[in-house]
Amino acid sequence: MSDVIGVGVDLCSVPRIARAMEREHFMRRVYTQEERAYLKSRGKSAPQSAAAMFAAKEAVAKALGTGFSGGVAPGQIGVTHEESGAPGIALTGAARARFEALGGTRVRISLSHEREIAAAFVVIDGPAGNEEEAP
């Protein structure tokens, strides 16, 4: 069993992200190359997927305890997809360094979206401690 060392949640407006997706600078600054390729494959549902990914990036940054500061940037937090469709997280740069400094062992994520809103919930696990649980 592991200890929870970080939790983050975020909501994101699908229409706001749809408008931002029209700007190439936004896409390159926020989404990894792999994420941009994934979004391109999503067709009309791309804005919902992009909003869920953006919410994931925000939720991870919150769980790291930094937000987008201290060198942690959206492009360092990548949303991946397993064959089953389950989302995962890949960290690079300052985001990875912060995760390691916290003693992170795993990032768990859940994404959801409906029409105009997307949500992400993130838990960062660390090694199990020897502390007794409080009553």
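Loop only by DSSP, 16 or fewer other Cβ within 10 Å of the Cβ. Give me the GluC sites (Glu not before Pro) in the range 33-135 that pass, ordered by residue number.
E82, E83, E116, E131, E132, E133
Before I look further, what does the range 5-52 give for accessible area per residue, probe 1.4 Å, in whole square angstrom?
Accessible area per residue: 61 Å².
If I compute solvent accessible area with a 1.4 Å probe over the protein chains, what percent of it on the chain is carbon and sulfur?
Percent of accessible area from carbon and sulfur atoms in the chain: 50.
In the full protein assembly as shown, how much of V14 is accessible to a 1.4 Å probe, in Å² to the nearest 10?
10
With a cut-off of 8 Å between alpha carbons and a minimum separation of six or more residues, what is the relative contact order of the chain in percent?
Reported relative contact order: 37 percent.
Measure nothing but the geometry: give the 0 to 90° angle between the long axis through the Cα atoms of 46-63 and the longest principal axis through the Cα atoms of the chain, rounded to 10°.
It is inclined by approximately 30 degrees.
Net charge within 15 Å of R23 by Cβ-Cβ distance, Lys/Arg positive one each and Asp/Glu negative one each, not counting R23 itself?
+3
Between beta-carbons, use under 13 Å as the cut-off and find the net charge around R106, counting Lys and Arg +1, Asp and Glu -1.
-2
In debye to the nearest 20, how big a dipole does the chain give about its Cα centre with +1 on each Lys and Arg Cβ and -1 on each Asp and Glu Cβ?
Computed charge dipole of the chain: roughly 840 debye.
Just to be sure I understand the model, the point goes 7 Å from the Cα along the line to the Cβ. What's the resulting R42 to V4 distance in nm?
2.6
Could you give the radius of gyration (one decimal) and Dmax (whole number) of the Cα atoms in the range 34-135, in Å?
14.8, 50
Can you compute the FRET efficiency between H25 and A128 using 1/(1 + (r/R0)^6), with r the Cβ-Cβ distance and R0 = 35 Å? Round to the nearest 0.05.
Here the calculated transfer efficiency is 0.20.
Within the range 7-36, report the trypsin sites (Lys or Arg not before Pro) that DSSP leaves as loop and that have at most 12 other Cβ atoms within 10 Å.
R23
In percent, how large is the relative contact order of the range 35-111, given Cα pairs closer than 8 Å and 6 or more residues apart?
With pairs under 8 Å counted, the relative contact order is 25 percent.
The values are calculated or read from the model by the stated rules, or taken from the named source; none is laboratory data. Only a predicted model underlies this, so the values are computations on that prediction, with no experimental measurement involved. As a convention, Cβ positions derive from the backbone with ideal geometry for all residues, glycine included, and neighbour counts pool all protein chains shown. Quick note on the areas: whole protein, heavy atoms, side chains included, nothing else; ligands and nucleic acids left out. Shrake-Rupley method; radii C 1.70, N 1.55, O 1.52, S 1.80 Å.
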